[in-house]
Amino acid sequence: MAPQSIVLISGTSLPFFSKIGIVYMNKTYHHQIPGANRGLGYETAKNLLLSGNYHIIIGSRDCSKGDAAADSLRTLPGIHGTVSTIQLDVTDDQSVDDAKARIESDFGHLDVLVNNAGIYLLNQEAVRDALRLTLETNVTGAASLTEALLPLLLKSTNPRLVFVSSSNGSMTYNLDPNSPHGGTHATEHRVAKAALNMLLVQYHMKLKSVKVLGADPGFCATDVIGDADALRRMGATEPEVGAQIIASVVEGEKDDQPGRVHGPQGIVPW
C-alpha cells in the first residue's frame with residue numbers, strides 16, 4: 001500500500017457562523033473566519049478524505065474548533081483517509097514556527113500545503129487599517145507559512161503548493177462591466193486576492209521542483225461573506241462544489257497548467 005500524502009490545509013474548522021473582533025490601532029474590526037457555514041477548508045478536507053491516499057492536517061487558530069472539525073470528519077460515512085489537527089495562526093510567527101516543528105516531528109516532510117487561511121472584514125471605515133489587516137493575514141500570512149514549510153515540502157517526492165484565490169482578484173474581470181466578479185465593494189478582499197495571485201506566480205517561477213497552482217472555488221454559499229441562504233438566492237453554489245475545485249488541484253488534475261488559478265470556468269485571467 002502506497003504511503004499517504006501529507007496535506008496541511010490552513011484555516012480549517014467546523015461549519016459554523018462566527019464573527020470575530022480584531023483590535024487594531026485602537027479600533028475593533030469584525031471579520032468572518034474561513035470554515036464558517038460548511039467552509040471551503042472543511043469541505044476540501046472531506047473531499048480528500050474520501051480517498052485513503054491522504055492524511056489531512058487541519059490547521060486552525062482555535063484548537064478546540066480544529067479538534068471538533070477533525071472529530072466531525074472522522075464520523076462521516078465513506079471516509080478512508082486520516083486526519084489530525086495543529087494549532088496555526090498564520091499572523092503569529094511563533095505559531096507558524098511551532099506548526100513547522102510539529103509537522104517535522106510527526107511526519108518528517110509535507111507533500112501539499114493548501115494556503116486557505118484568510119479574513120473578510122465586515123466594517124471597513126478606515127481603508128488603511130482594513131488593508132493592513134487583510135493583507136497581513138491573506139497575503140503575508142500565506143507567504144510566511146509557505147516560507148516556513150518550504151524545507152518540509154522539498155523533502156517530498158511530489159511537492160505541491162496551492163493558493164486558494166478568487167476571481168474577484170482578476171483585473172480582467174473587474175474591468176469588464178458585464179462580469180459578475182466586478183464591483184467596488186470588498187476592496188480589501190480584491191486587492192489581497194490580486195496580490196496572492198502574484199505571490200503564486202513568484203513561487204511558480206522560483207520553485208522548479210514544486211508544483212504551484214491556484215484554486216478559485218467560485219461564488220459559494222458560505223457565511224464568510226454574508227448570509228448563506230441569501231447568497232443561494234443570488235446563485236451561489238454549495239461549498240462542497242467549490243471544494244471539489246480545490247481538491248482537484250491538490251490531486252493533480254490541473255498539473256498541465258501550473259502557475260495559474262483554476263476556477264469553475266477554467267483558468268482565471270489576470
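The values are calculated or read from the model by the stated rules, or taken from the named source; none is laboratory data. Note that the coordinates shown come from a computational prediction; the quantities given were computed from them, not determined experimentally. So basically every Cβ, Gly included, is an ideal-geometry build from the backbone, and we count neighbours across all protein chains shown.
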Tally of residues being farther than 15 Å from ILE56 by Cβ, under 16 Å from the mean Cα position of the chain (by Cα) and not hydroxyl-bearing (Ser, Thr, Tyr) across region 84-95: 3
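Answer with yes or no whether MET198 is modelled with pLDDT of 95 or more, surrounded by fewer than 19 Cβ atoms within 10 Å (Cβ to Cβ), over 25 Å from GLN87 (Cα atoms) and not acidic (Asp, Glu).
When the stated conditions are applied, MET198 passes them.
When region 96-123 is examined, which residues are found to be within 17 Å of the chain's Cα centre (by Cα), of a type in the set (S, T, N, Q) and outside any loop (DSSP other than H, G, I, E, B)? Don't jump to the end; show me each part of the working.
Let us first name the residues in region 96-123 that are within 17 Å of the chain's Cα centre (by Cα), namely 96, 99, 110-121.
Add one more test, that the residue is of a type in the set (S, T, N, Q), and what stays is 115-116.
Passing the criteria: only ASN115.
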Of residues in region 228-244 being surrounded by 13 or more Cβ atoms within 10 Å (Cβ to Cβ) and not hydrophobic (A, V, I, L, M, F, W, C), the one modelled with the highest pLDDT: GLN244
Residue within region 191-209 that is outside any helix (DSSP H, G or I) and either free of Cβ contacts under 8 Å to residues at least 40 places away in the same chain or of a type in the set (Ser, Thr, Tyr) (or both) present: yes
Hey, ALA221 in contact with a helix residue (DSSP H, G or I) (Cβ under 7 Å, 6 or more places away or on another chain), at pLDDT 90 or above and not hydroxyl-bearing (Ser, Thr, Tyr) or not: no
Filtered residues of region 245-261 (kept if surrounded by 21 or more Cβ atoms within 10 Å (Cβ to Cβ) and either in a helix (DSSP H, G or I) or touching a Ser or Thr at 6+ places or on another chain (Cβ under 6 Å) (or both)): ILE245, ILE246, ALA247, VAL249, VAL250, VAL261
Residue match in region 49-56 (condition: more than 17 Å from the chain's Cα centre (by Cα), outside any helix (DSSP H, G or I), on the phi < 0 side of the Ramachandran plot and of a type in the set (Ser, Thr, Tyr)): yes
